[in-house]
Amino acid sequence: MSALAWGALAIGGIFAIVLGMVAILWPDATLRVVVVLLGVYAFISGIFTVLVGAVWPPGWGLRWPMVLQGALGILVGLLVFIWPESAELVLLYIIAAWAIISGILQIASAVRLRRVIPDEWASMLGGIASVVFGVLLAIWPKEGLIALVWIFGVFAVVFGIMQLVLANRVRRMDVA
């Protein structure tokens, strides 16, 4: 068990480090690959959802929603293949909108939280940071895309190193 556990952790850690270094060294290519893979997923998932919808029992009322959902996946996949740069920007703007909206909601929650926790500032600051992050992504989309890939790359390298540390500790465990 121990050899399998530490070996799996080590392989996962090495994979994360390699993936992180690729993202840091070649952010444009990494971004393009991620977007294309999302497109491939949408397309293939769409095909299977259409197939499942086509054979679903008609009395259950799920056939057409599933077929439409699958058709939407196929369409999204095709659009990503045709216009990958546009897909990158759409993804970025979705992330930016999410950051802005969730930041505003967090700020609103922080105002109410001050009734329970006097001088609460951490939640407010977190919400402000989220809004600023979203606005910066929206203002500088190309730079924002590259920054997101770099952040992911750094995360993957750090995560991979921690996996290797854990693998080493598991390898040295005395399992009786």
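Full extension of the chain segment joining Ile161 with Leu72 gains 28.1 nm, where the gain is 0.36 nm per residue of separation less the Cα-Cα distance.
Using the Cβ-Cβ distance between Ile82 and Lys142 with R0 = 30 Å, the FRET efficiency computed as 1/(1 + (r/R0)^6) comes to roughly 0.90. Here the chain has 79 percent of its accessible surface on carbon and sulfur atoms, given a 1.4 Å probe and all protein chains in place.
Counting only protein heavy atoms and a 1.4 Å probe, the chain has 66 square angstrom of accessible area per residue. For the chain, a Kirkwood hydrodynamic radius built from all Cα pairs, placed in the Stokes-Einstein relation at 10 °C and 1.306 mPa s, yields a translational diffusion coefficient of 80 µm²/s. Per-residue ellipticity at 222 nm, computed for the chain from helices alone with -39500 (n - 2.57) per DSSP H run of at least four residues, works out to -30500 deg cm²/dmol.
The simple spin-label model puts a point 7 Å past each Cα toward its Cβ; for Ala122 and Val154 those points are separated by 2.1 nm. The length gained by stretching the chain between Tyr93 and Val18 to full extension, at 0.36 nm per residue less their Cα-Cα distance, is 24.2 nm. Report the FRET efficiency, 1/(1 + (r/R0)^6), for Val34 and Trp60, where r is their Cβ-Cβ distance and R0 is 35 Å, rounded to 0.05. That gives a FRET efficiency of 0.45.
The values are calculated or read from the model by the stated rules, or taken from the named source; none is laboratory data. For clarity, every value in this text was computed on a predicted model and none was experimentally measured. Cβ atoms come from the backbone with ideal geometry, glycine included; neighbour counts cover every protein chain shown. With ligands, DNA and RNA removed, areas are computed over all heavy atoms of the protein, side chains included. Shrake-Rupley method; radii C 1.70, N 1.55, O 1.52, S 1.80 Å.
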